[in-house]
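Everything below concerns the one structure shown next.
The values are calculated or read from the model by the stated rules, or taken from the named source; none is laboratory data. Nothing here was measured: the structure is a model prediction, and the numbers come from that model. Because the Cβ atoms are built from the backbone with ideal geometry, glycine has one as well, and the counts that use them run over all protein chains shown. The accessibility values were calculated without ligands, DNA or RNA, using every heavy atom of the protein model including side chains. Shrake-Rupley method; radii C 1.70, N 1.55, O 1.52, S 1.80 Å.
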There are 2 protein chains.
Amino acid sequence: MSKKILVVGGVAGGAGTAARARRLDEDAEIIMFERGPHVSFSNCALPYHLSGVVKDCDDLVLMCPTNFAEQYNIDARVNNEVLSIDREAKTVEVKNLKSGETYTEDYDKLVLSPGANPIKPQSIKGVNNDNVFTIRNVVDIDKLNTYVEENDVEDIAVIGAGYIGIEIAENFIHNGKNVALVEAMDQILQPLDYDMAQILQKELHDNGVNMILSDALTEVHDDHIVVESGKKIDAEAVVLAIGVSPETELAEEAGLKIGKTGGIEVNHNYVTSDPDIYAVGDVIEVYSKIARSKTRLPLAGPAQRQARAAANHIYNIPNKNNGVIGSSVIRAFDYNAATTGLNEKQLKDAGISYDFVYVIPTDKVGLMPDANPLHFKLLYEVPTGKILGAQAVGKGNVDKRIDVIATSILLDATVEDLTESELAYAPLFSTPRNAVNQASLVATNLINNRFRQVPVSKVRELVEKDAFIVDVREKEEYEMGHLVNAVNIPLSELRERTDEIPKDQPVYLHCRSAQRSYNACLALQGRDFDNVINISGSFLGICCYEYFLDQTTDRDKIVTEYNFE
Amino acid sequence: MSKKILVVGGVAGGAGTAARARRLDEDAEIIMFERGPHVSFSNCALPYHLSGVVKDCDDLVLMCPTNFAEQYNIDARVNNEVLSIDREAKTVEVKNLKSGETYTEDYDKLVLSPGANPIKPQSIKGVNNDNVFTIRNVVDIDKLNTYVEENDVEDIAVIGAGYIGIEIAENFIHNGKNVALVEAMDQILQPLDYDMAQILQKELHDNGVNMILSDALTEVHDDHIVVESGKKIDAEAVVLAIGVSPETELAEEAGLKIGKTGGIEVNHNYVTSDPDIYAVGDVIEVYSKIARSKTRLPLAGPAQRQARAAANHIYNIPNKNNGVIGSSVIRAFDYNAATTGLNEKQLKDAGISYDFVYVIPTDKVGLMPDANPLHFKLLYEVPTGKILGAQAVGKGNVDKRIDVIATSILLDATVEDLTESELAYAPLFSTPRNAVNQASLVATNLINNRFRQVPVSKVRELVEKDAFIVDVREKEEYEMGHLVNAVNIPLSELRERTDEIPKDQPVYLHCRSAQRSYNACLALQGRDFDNVINISGSFLGICCYEYFLDQTTDRDKIVTEYNFE
C-alpha cells in the first residue's frame, strides 16, 4: 500500500521534504499544509523588495500550489493551518482559513516544518502599534513596503543588527530613507567577532545608517521611538528584527520532546520523539559539529539538507549527518562579510582552547583594478591546529575564502593541512599566496613558536601603558598617520638601528598589514632580541578597530589623524 | 658558522626561497642571481599591460634589488647569469652581463629556480623575425607593447589558446586590435574538457576574437601568417604562447638527474640528486596527487609552496608534501573559467575509472541582479566517489566553487562528504543548494543507481539516430527553440500523457538545466518505465555545446534556430 505523507509548512524545509519524497515514491499521497497564502518563497530575498531590487512582490514566490500539483503531484494547501496532532490516531486537524471549516487528515508519516516566528517582546511599549512590523514572509514585506509608501515614511527604525536587520537597513537607505539601526549588544552581527564587526560598522556609518549600539527599544510612538538610554529617535515605522523563536506549539501540544535550546529534539535522521513524526528547518535544534552541543541554526542551506534526509529516512535510505557548522554571508553596501564555524565568544562558551590569526592580504593582485584589503581571521584549536572557524570582511570575494574554510571544517582539516592548499589563482581573482594559505602559514608558525603576536584589540592598552612600539613602515607612511607613541624604524633601516631597540622590555612591532613587521620580528629574534611581539593586523587592523570607537571615545589618544582607506 | 645560500633565479620560486631562508636565519649569507634586469615581478599580470590596465611597465616589478637588500639583507644581483655549477668544489661561475666579467661564488646550499622558456619551434618559417614575440618577463611585454604602438600594428596573431594566449588576445581586443587566436588542438584551454571549453569559445568569438582551431602556424611574414591548412591571416605581429619548456641546461650540465617529464627530479623536500642542491618552480617535475605520477605544473602557487619547503629543509624543518592538484582560473571578457584536479582526458590517460555530473544552477538567486547560469562539471572516481576534479564556467564567481573542490581533493573527500557541505549563502552570493551541493547530490544519486544520464556530447548522435527524446519544458519554452526531433511533453502534463512514451526503447529526457527532467525521469521510473535516461546539462548545455560547432558544422540539423542566452 502506498504511503500517505503530511507536511506542515510549505517553505524551504517542508517543500524540500515533499519534493524529495515524491522523487523517491511516485505512488505516495503527499499533502503539504501552509497557513500563509504562499508556498516556496524566497525568504532570504525579502529585504530586497524594499529597495526595488525585487520590484514585484509576487516574484518572491517561486512556486505556486498549481506548480506543486503539476510538477510533483503534491497537494499544496495554502491558507490551511494544522491545529493539532493526534499521535495515537495518526491524524491532524486542519483549519481552512478561507472557509473557516476544520477537517481531519490521517497520515503514515508526518513532517513538521513550521519554521520560526520573529520575536516581538510585549514589554516594549507600543509594540503592537500599526507602525511596528516584523518580517517573516511575502505578506509581511508587502505590508511594510506598502505602509512606508502610502504614508510617505521618511524615518525608519530597524531594531536588531543581525543579517535581516542590516539587509533591511541597507535596502531602505538605497530607497532614500533615514534609517536608525538599534542593537542591544555592543556590536552588529553576532556571528562576527567584535574586531571584525568594526569594519562593517564603519561601512554602515559611512553610508548614513544611524547606528545605536548597546541600547534597546523601550517605547514606540507614532513618529519616534525611545531607547533604554532615554534617547528619542525619529521613526514613523519600526521593524523588529531581533531574532526568531521556533514555532513549537503544535509539537509541544502533541507531547513531542522539546530540547533545551527550545527547538524540537530530533535524532540523526530528523525523527522526533515520535517515530512517525519528523521535524526539519528552523523549528528544530541541531548538533554543532564544533561545539559538540545542541544549538539552533535557522538557515536555508541546513534546512534543505534536513528535508532531504527526512524524506530519505521515510524510505529507509541511510543519511550522513555531520552536524552543523554554520556558514553565512552578507553584503552591506560596498562591503561583504562572511563567517563559518565558531567565533571567539562561542569558542569560549564551548570551553574550546583556541588561538587565531588575522591577515590582511589584498583580495586580488594589487595591480589589478578594484584590488582591496581582505580582512581575514582564522580560528583554530590549540594544540591540535584543527580549524574551528573563520571570518572575512572586505569589498571583494570574501565568501570564497569562507567556503574553503567551511569545507575544511567539514573535512576535519588542520592549519597544517591548509598550508598545502592549491586554490585557483589569476591576478584578477586572488593572490598567489591567498588569504587561506597566508593565514594557515602564520598559524603554523605560531603553533611552532616561530614568533609571538598580540591582536589589535590589545593595542589601546599597550599605548596607554606606554609600551615600546616600533612602526617598521617607511617614513612617508608613518608621517601620514601613526600610533601616538610608536617609534618609526623602517624595516629597511632596522638592521642598522637595532641599538635603538631595548632588550630589557617587550618590543611590539607593526607595519601596515603585519607582513613587514613579521619579517622584522624574525630579524630581531635572529639578533638575540627574545621579547619581540608582532601586532597581528598591524596599522590597517588598528585603524579599523579604533575607527568606530572614535564615534564615542577618544581615538586621537591612540592614533594620529589619519584616513586609513 | 653561518650558511651561504645561492639562489639562481629571482622571481616567484627563487625570491620566495631566499626570503624564507632569511626569516629562518638572520646570519646566513644569501645571494640571488637573476639573468634579467628585474627580480620579483608579477608574471601573471604581464598581459594586462597590453590593454593599459597596468599602465606603466615598471609597476609590474614588485621589488627591486635595493628592497631585497634593505628589507631582507639579501644580495639580489640582476643582469648576472649563472653559467655553470661545480658540484665538487661547491661553486658556481657567474657572468655579469653588464660588465662582461665572470666570477666564482661558493655555496653551502644552492637553490635552482631558473623557470621555463617559452617554446619557439624553429620549424616555423620566419619564427625569428622581428615581428615574432614570446612573453616571459617585463622586458618581453614592454618590447611587444612598444612594437605594436610604434608600428601602429592593427592585426595580431596569437598562437596558442592557453591561459596566456587567451589573456593576451583579450587585452589586445580591449586595446582595439584585430586578433586571430590560432590553436593546434580542437579546443582552447586544455585544462577544460571539450564540452566546457565550448562555452568560453563562444564568448571569445562573440567578442571578436578570430579563433582558428585545429590548425598550426607554419609561416610568419611581415603582414600575415600562414597556417597548416593553407589559410593566410593578416598579422603584423605574432605572439607565440604555445607553452614553456623547463630551463634545465644548467642542471643537466652539472649532471643533476632530469625526470621523464623533462623537469629536474626532486624529492619530498625539493632536493635534487645532489643533496646540497635544491630546485623549485617551473623547472622541476612535481607529483600529481590524483594521477599518482610525475608531471609539470608551471604555476605561481605551487612555486611558492616549493620555495618555502626548500628553505625549511635547509634548516631541518620538516615539510608536508601532498603533491599537486592543479587549480587555475581565467577571465575571458564577461566569462570566467576555473578548473581543479584532472579533466576527462587526463583521467583517461591516468587510467582512472571515473564518472562526472554536469549541473547548471544560477550563480546567485535568480531574482538578484546579474544572476547567471553557472556551468559546473564534477568528476569523481568510480566506485569510490572520491573527488577527482571540477570545472566551472560562467559570468559569476566560478572560482569559489572550484576552490571548494580543490580543498576537497586536498582532503581526500568523496561526493557523499560534499552532500553535507555548508557553504555561505545569501541571495547575492549563491543559492541555498549551491553548485557544489547540487553536483554532489546528483553524483550520489548516480552512484546509488537512482537514475541514469548521458552527457550533452552524445546528443548529436542521439538526434542523428532518431532516438526518442522528450523535452519536458513548457510549451512556450519549447517553441522558442528545441532539438529538431524532440517530443514536447511538459513535466506539468507528463503524468497524464505517459501513454505517448514508449516502454520498448530508451527514452531520453531533457528540460532547460536537467532539473525538471530529473524529476520526470524519477516519475517515469516510478511508473515502471525502466529505460529512461536524463540528458545531463539539458537544453542549456546542448546549446552551449552545439553553438560553437555551428561555426563549422550543421548545427541546424540538431537544434532549431535559438538564441540560448
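Structural remarks
- Helix-only mean residue ellipticity at 222 nm for chain B, each DSSP H run of n ≥ 4 adding -39500 (n - 2.57), per residue, nearest 500: -8000 deg cm²/dmol
- Long-range HN-HN contacts of A:Leu509 with modeled amide H, under 5 Å: A:Val470, A:Ile533, A:Asn534, A:Ile535
- With all protein chains in place and a 1.4 Å probe, the accessible surface of the protein assembly as shown carries 44 percent carbon and sulfur.
- Label-to-label distances for B:Asn448 across copies, nearest first, come out at 4.3 nm, using points 7 Å from Cα in the beta-carbon direction.
- Partners of A:Lys458 within straight-line reach, counting aspartates and glutamates whose Cα lies under 17 Å from its Cα and excluding those fewer than 8 residues away in the same chain: A:Asp193, A:Asp195, A:Glu344, A:Asp355, A:Asp466, A:Asp471, A:Glu546, A:Asp550, A:Asp554, A:Asp556.
- A Förster distance of 22 Å, applied to the separation of the beta-carbon atoms of A:Asp334 and A:His205, puts the FRET efficiency at 0.95.
- Amide H contacts under 5 Å for A:Val78, placed H, 5+ residues apart: A:Glu34
- Phi to ³J(HN,Hα) by Karplus 6.51 cos²θ - 1.76 cosθ + 1.60 over the stretch B:272-282, Hz, x for Gly, Pro: 7, 5, 9, x, 9, 10, 9, 9, 9, x, 5
- DSSP beta bridge pairing in the stretch A:132-242, given as percent antiparallel to the nearest 5: 30
- Only lysines eight or more places from A:Lys4 in sequence, or on another chain, were considered; those with a Cα closer than 27 Å are A:Lys90, A:Lys95, A:Lys98, A:Lys109, A:Lys257, A:Lys320.
- Cα gyration tensor shape of the stretch B:49-109, rounded if a/c is under 1.5, else prolate or oblate by comparing a/b with b/c: prolate
- Accessible area of chain B divided out per residue, in Å², using a probe of 1.4 angstrom: 37
- Interface size, chains B and A: roughly 7400 Å² of accessible area buried, both sides included, 1.4 Å probe, rounded to the nearest 100.
- Electrostatic bookkeeping for B:Lys503 treats Lys and Arg as +1 and Asp and Glu as -1; over the other residues with beta carbon under 11 Å from its beta carbon, the sum is -3.
- Residue-wise HN-Hα couplings along the stretch A:468-478, as the Karplus relation 6.51 cos²θ - 1.76 cosθ + 1.60 with θ = phi - 60° gives them from phi, are 7, 10, 9, 9, 8, 6, 5, 3, 4, 5, 4 Hz; Gly and Pro carry x.
- Label 7 Å beyond Cα on the Cβ vector: B:Tyr194 copy-to-copy distances, nm: 6.1
- Cleavage-rule hits, GluC sites (Glu not before Pro), the stretch A:206-277, DSSP coil, Cβ neighbours within 10 Å at most 15: A:Glu228
- Modelled label positions at A:Asn175 and A:Gln122, each set 7 Å beyond Cα in the direction of Cβ, lie 3.0 nm from each other.
- Cα-based shape type of the protein assembly as shown, given that a ≥ b ≥ c are square roots of the gyration tensor eigenvalues and the cut on a/c is 1.5: oblate
- Antiparallel beta bridges, as assigned by DSSP with both residues in the protein assembly as shown, represent about 55 percent of the total such bridges.
- Taking Cβ atoms as reference points and 13 Å as the exclusive limit, the residues near B:Val220 contribute a net charge of -4, counting Lys and Arg as +1 and Asp and Glu as -1.
- Net charge, A:Asp363 excluded, C-beta distance under 10 Å - Lys, Arg +1, Asp, Glu -1: +3
- Per-residue HN-Hα couplings for the stretch A:39-47 [Karplus 6.51, -1.76, 1.60; θ = phi - 60°; Hz; x = Gly/Pro]: 9, 6, 10, 8, 4, 5, 8, 3, x
- Whichever lysines have a C-alpha closer than 25 Å to that of B:Lys55, once near sequence neighbours (fewer than 8 apart) are set aside: A:Lys364, A:Lys395, B:Lys143, B:Lys177
- Full extension of the segment from B:Asp108 to B:Asn485, taken as 0.36 nm per residue of separation minus the current Cα-Cα distance, would add 128.4 nm.
- Inter-copy label distances at B:Tyr315, shortest first and taken from points set 7 Å along Cα to Cβ: 5.8 nm.
- Close amide H pairs (under 5 Å, H built 1.01 Å from N) link A:Ala424 with B:Asp403, residues at least 5 positions away or on another chain.
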